[in-house]
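Participant: This is the structure I have questions about; it appears just below.
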Amino acid sequence: ELTIRKAVFPVAGLGTRFLPATKAVPKELLPVVDRPLVQYAVDEALEAGIETMIFVTGRNKGAIEDHFDVAYELERIQADRGKPLDALKGTRLTPGNAIFVRQQEPRGLGHAVWCARDIIGDEPFAIILPDELLIGREKGCLAQMVAQYEKVGGNLVCALEVPMEETPSYGIIDPGARDGVLTEVKGLVEKPKLGTAPSNLMLPGRYILQPEVMGLLATQEAGAGGEVQLTDSMAKLIGKQPFHGVTFDGERFDCGSKLGFAQANFALACRDAAMGAELRGWAKALLG
Ligand code: G1P
């Protein structure tokens, strides 16, 4: 089966790094310019042809469900005022195609993905981590990966180079042969100790996986940080199924950190059609 219809969005994280902003507002709803982070993730999935969006949520995440629902009063008021509804584009998901499941305990990314197992069933699926804002040059990251999936099938992870000293923060690829944007994955390690990483190719939170990973997650023992790691179960698929890294053509903003989040806001605002020129001029004057 070489089409991907379903995507999982793990959005149960507490977002403690952004307190107090995230006390009552899910971190995935923090805006970059004028769109919440999770909207960028859903737009990326829609562009890649995904039909069913599965959000793995938790307590205090109800606002995400409202965000992707119909807002009758708002739409009505905007229409009555003769205002265009473009600003709400991508927020009204097709009935039945936005599914919310809860991760009841913070047991790690692997456990969050496993919570979607019955909705995924027996088909390949995508995973998008909304904290990682990836802006593709010509097309979005997941669309770039789907194009490769149509050629090689199996399992695909996005692969990005980071400075060696940052490798302990991420899932890291042990790379084999490279062919264009595809790199063979020979091994995967989650958060390697400094100086032990097999490469500087990190996983920036985009995956296309075969459903067999769900069975592995069901019995996956806790790994790095005492959490059930997706990386550890993916590693068990290597050698049994094709597994490739896809080099991403575009920019990455780590919106799980305040610095990355500020950079994303600044960079995207600078490109905004309505305010970009003025903001750039203001920033130049500010910085002397
Ligand atoms: C998770 C994954 C890791 C990946 C990272 C990307 O880690 O476990 O493999 O590289 O996201 O941001 P976390 O940031 O949740 O610790």
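Participant: Take VAL189 and decide whether it is on the phi < 0 side of the Ramachandran plot, open to solvent by 40 Å² or more (accessible area, probe 1.4 Å), in contact (Cβ under 8 Å) with a residue 12 or more places away in the chain and near the ligand (Cβ under 10 Å from one of its atoms).
Facilitator: yes
Participant: Being closer than 30 Å to ILE238 by Cβ, more than 16 Å from the ligand (Cβ to nearest atom), in a helix (DSSP H, G or I) and of a type in the set (Val, Ile, Thr), is that true of even one residue in region 58-70?
Facilitator: no
Participant: Scanning for something within 16 Å of the ligand (Cβ to nearest atom), in contact (Cβ under 8 Å) with a residue 24 or more places away in the chain and assigned to a helix (DSSP H, G or I), does region 142-156 turn up at least one residue?
Facilitator: Yes: one or more hits.
Participant: Turning to a different aspect of this structure: Test GLN220 against the stated conditions and say whether it is more than 11 Å from the ligand (Cβ to nearest atom) and of a type in the set (S, T, N, Q).
Facilitator: Judged against the criteria, GLN220 is a match.
Participant: Residues of region 1-59 being of a type in the set (S, T, N, Q) and open to solvent by 40 Å² or more (accessible area, probe 1.4 Å), which ones?
Facilitator: Result: THR3, THR16.
Participant: Still on this structure, I have one more. Condition test on THR231, is it hydroxyl-bearing (Ser, Thr, Tyr) and either within 12 Å of the ligand (Cβ to nearest atom) or over 27 Å from ASP43 (Cβ atoms) (or both)?
Facilitator: When the stated conditions are applied, THR231 passes them.
Participant: Now for a separate question. I'd like the residue in region 102-134 that is in a strand (DSSP E or B) and buried (at least 18 other Cβ atoms within 10 Å of the Cβ) and, out of all such residues, is farthest from the ligand (Cβ to nearest atom).
Facilitator: PHE125
Participant: Kindly indicate whether LEU156 is buried (at least 22 other Cβ atoms within 10 Å of the Cβ), touching a Lys or Arg at 6+ places or on another chain (Cβ under 7 Å) and within 25 Å of GLY260 (Cβ to Cβ).
Facilitator: Judged against the criteria, LEU156 is not a match.
Participant: Kindly indicate the residue of region 166-186 that is among the acidic types (Asp, Glu) and within 15 Å of the ligand (Cβ to nearest atom) and also nearest to GLY110 (Cα to Cα) among those meeting that condition.
Facilitator: Selected residue: ASP174.
Participant: Shifting gears a bit: Select the strands (runs of 3 or more DSSP E) contained entirely in region 201-288, then report the ones holding at least 3 residues which are open to solvent by less than 30 Å² (accessible area, probe 1.4 Å) and modelled with pLDDT of 95 or more.
Facilitator: Per the criteria, 206-209, 243-247.
The values are calculated or read from the model by the stated rules, or taken from the named source; none is laboratory data. Here the structure is a predicted model, which is why all the values come from computation and not from measurement. Backbone-built Cβ (ideal geometry, glycine too); neighbour counts: all protein chains shown. Ligands, DNA and RNA are stripped out before the accessible areas are found, and what is left, the full protein with its side chains, is counted by its heavy atoms. Shrake-Rupley method; radii C 1.70, N 1.55, O 1.52, S 1.80 Å.
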